[in-house]
Amino acid sequence: MKENLLSGFDSTGYYQFRYIKLNNIQPSINNSYVSITEIEVVSQHTGTNYCTRNGSVATASSYYSGALADGVPQTPQQAIDGFIDTQTNHRWTNDKKESSGVLGIWFRIDLKGVRQFNSIRLCSGINEQRCYNFDLLGSNDDINYTLIKQCRNLPFPGSLVFYELLP
């Protein structure tokens with residue numbers, strides 16, 4: 001099989017990107033906000049979660065600045081810190097003023113270099129029963145993005161379970 005670097009997928013079955021973006025995130029109709037407890041970008045060969053290495057940085061279209069019980073705002077960086085809190089105090093949540101019916105809610109990770117990975121896992125958290133629709137994108141320059149996968153009606157059961165986004 002010939003390597004296709006344009007799409008970011010190579011003959012070894014790994015993706016190679018610096019930036020990962022969940023774009024146009026839409027929660028189910030009954031929920032007006034988006035929340036991610038943890039997201040991991042992993043090389044299953046080495047077991048490396050690149051989100052917690054090399055100073056990776058998460059940004060988003062917005063975040064909820066109201067603090068929870070621990071006094072910490074729900075910033076994007078909380079969703080890639082490797083810490084999974086069973087009380088859901090450690091997560092990213094978009095600003096609730098951002099309407100769920102409007103396209104444009106996004107979450108982006110800068111892996112601080114092109115990384116080779118074959119797994120992206122997402123955990124929505126406890127008490128968060130909902131479905132999400134979004135486009136999973138990859139880029140090496142943060143300008144030109146390649147569609148990795150369209151995620152439609154992605155169910156989250158309301159428990160701390162990771163959902164594998166890649167085939």
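Just so it is clear, none of the values below were taken in a lab; they were calculated from the coordinates. Since the structure is predicted, the reported quantities are computational estimates derived from the model, not experimental observations. Cβ atoms come from the backbone with ideal geometry, glycine included; neighbour counts cover every protein chain shown.
Distance in nm between label sites at Arg53 and Glu164, each 7 Å beyond Cα in the beta-carbon direction?
2.0 nm
Could you check the spin-label model distance between Asn153 and His45? Points 7 Å from the Cα along Cα→Cβ, value in nm.
3.6 nm
Would you mind getting me the FRET efficiency between Asn140 and Ser65? Use the beta-carbon distance for r and R0 = 30 Å, nearest 0.05.
The calculated FRET efficiency here is 0.45.
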